[in-house]
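Take a look at the structure below.
The numbers here are math on the coordinates, done by the rules we state, and not lab data. Not measured: the values here are computed from a predicted model. Cβ placement follows ideal geometry from the backbone for every residue including glycine, while neighbour counts extend to all protein chains displayed.
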Amino acid sequence: MAERRDRLDQPRQPRGLRPPRIDAEAFGQWTEKVARFLGTGRYLIVQTVVIICWVGWNALAPKDLRFDPYAFLFLTLILSLQAAYSAPLILLATNRQDDRDRINLEEDRSQDRQAMADLEYVARELAAVRLALGEVVTRDFLRSELTRLDGTRDQAAS
């Protein structure tokens, strides 16, 4: 009897709320962009201007136009939320950079190993060429032998 693939005693899909699927690479790229922006002077200037305007408006505007009249509680909340989200985003971006650095380091080590092996091969080949050249007749040796032979021929002829 053939086994059925669909089991009637189990649901096909899990029940309840499922977390949305998030593309890890796209999210990682986004966190790097945010972290890069948070580390710029432009961001610091914009944040400073916004805070100065916020404090100025809520300190100097008439009481009925102020939107944060209670000792800047809303400003404190906004800055706390910004810090609560920026710190993990910066850590995520840093972890991605560490992963890239680790991969680059492994690639550099692999290339270094290959370069070292190539260098050792060339050194062995050079040593073999030097040994082979040691057995080759040099110009000075040939000249001295010819001079010696010429001297022995002259002696034999006289």
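Calculation over all alpha carbon pairs of the stretch 24-110 in 10 angstrom steps from 0 returns a P(r) of 15, 31, 24, 16, 8, 4, 1 percent.
State the extension gain, in nm to one decimal, for the chain segment bounded by Leu81 and Arg153, taking 0.36 nm per residue of separation less the distance between their alpha-carbons.
Full extension from Leu81 to Arg153 adds 15.3 nm.
At full extension, Gln10 and Trp57 could sit 10.8 nm farther apart than now, given 0.36 nm per residue minus the alpha carbon distance. Taking the number of Cβ atoms within 10 Å of each Cβ as an exposure proxy, the fewest-first ranking of Val49, Val55, Val34 is Val49, Val55, Val34. Put simply, the Cα atoms of the stretch 64-114 extend 74, 14, 9 Å along their principal axes, the longest span coming first.
Counting charges near Asn104 (Lys, Arg +1; Asp, Glu -1) among other residues having Cβ under 13 Å from its Cβ returns a value of -3.
Loop-located chymotrypsin sites (Phe, Trp or Tyr not before Pro) in the stretch 7-107 (DSSP state other than H, G, I, E, B) with a sparse environment of at most 15 neighbouring Cβ atoms within 10 Å: Phe67, Tyr70.
Among the GluC sites (Glu not before Pro) in the stretch 1-74, those placed in a DSSP loop whose Cβ has at most 14 other Cβ atoms within 10 Å are Glu3.
The relative contact order of the chain comes to 23 percent, based on Cα pairs under 8 Å that sit 6 or more residues apart. Going from the fewest other Cβ atoms within 10 Å to the most, the residues Val129, Val136 appear in the order Val136, Val129. For the stretch 118-152, GluC sites (Glu not before Pro) meeting the loop criterion (DSSP other than H, G, I, E, B) and having at most 13 other Cβ atoms within 10 Å: Glu135. Calculated [222 nm] ellipticity per residue, helices only, for the chain: -26500 deg cm²/dmol; basis is -39500 (n - 2.57) per DSSP H run with n ≥ 4, divided by all residues, nearest 500.
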